[in-house]
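Notes to accompany the following structure.
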Amino acid sequence: MSANESNDVISECLRMGAINYLVKPIRIQQCKALVGFIKNTNLSREKASGEKGMSRFEKLYEIGTGAAGIVHLIKNKSTGEKFALKTMNLRTLSERDKKSAECEVEFLRVITGPTIIKFYESFVENQNIYIVMEYAEGGSLADLIRKY
């Protein structure tokens, strides 16, 4: 969608099969409201299960590293579901990088699409930011490009 599309256009796109949409420009206040709603939903789920943070997961192995952190394959201990876990150490990040990491989490929460890795949750624990995301078994995009 482009800027300020009417509800009629959005409705028509959804009727034709669109799964979701994003109105541009992104309105930060709307994103923050949506993020607040999602946080409350995640908190309700955590309270119901009694567990929170990394205690729910088992680290299996390292998938990769980047400038901002490390990505591990993890498994939910109760469901067996596998996820990718991005870990960023807050002690090694500058204030600017900390703000950038916070913005990354906010946008991952609200942006969805068929070509975007799904965001599940994030939390801060032991001076680390953890981002739990969909695990793409085929490897990274860079790996697939090198392969072909």
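All of the numbers you see were taken from the coordinates with simple rules; none came from a lab. The shown structure was predicted, so the numbers you read here are calculated from the model rather than taken from an experiment. Here the Cβ positions follow ideal geometry from the backbone for every residue, glycine too, while neighbour counts run over all protein chains shown.
Spin-label model, residue 102 to residue 82: label points 7 Å out along the Cα-to-beta-carbon direction sit 3.5 nm apart. Residues within the reach of a label modelled at residue 127 (point 7 angstrom out along Cα to beta-carbon, backbone nitrogen below 13 Å), restricted to the stretch 63-105, are 89-94. Ordered by the count of other Cβ atoms within 10 Å of each Cβ, fewest first, 116, 145 give 145, 116.
The gain in end-to-end length when the residue 95 to residue 59 segment is fully stretched comes to 10.2 nm, 0.36 nm per residue minus the alpha carbon separation. Amide H to amide H, with H built 1.01 Å from N, residue 120 comes under 5 Å of 132, 133, 134, counting only residues 5 or more places away or on other chains. Under 5 Å between amide hydrogens, built in the peptide plane, is the criterion, and for residue 64 it picks out 71 among residues at least 5 positions away or on other chains.
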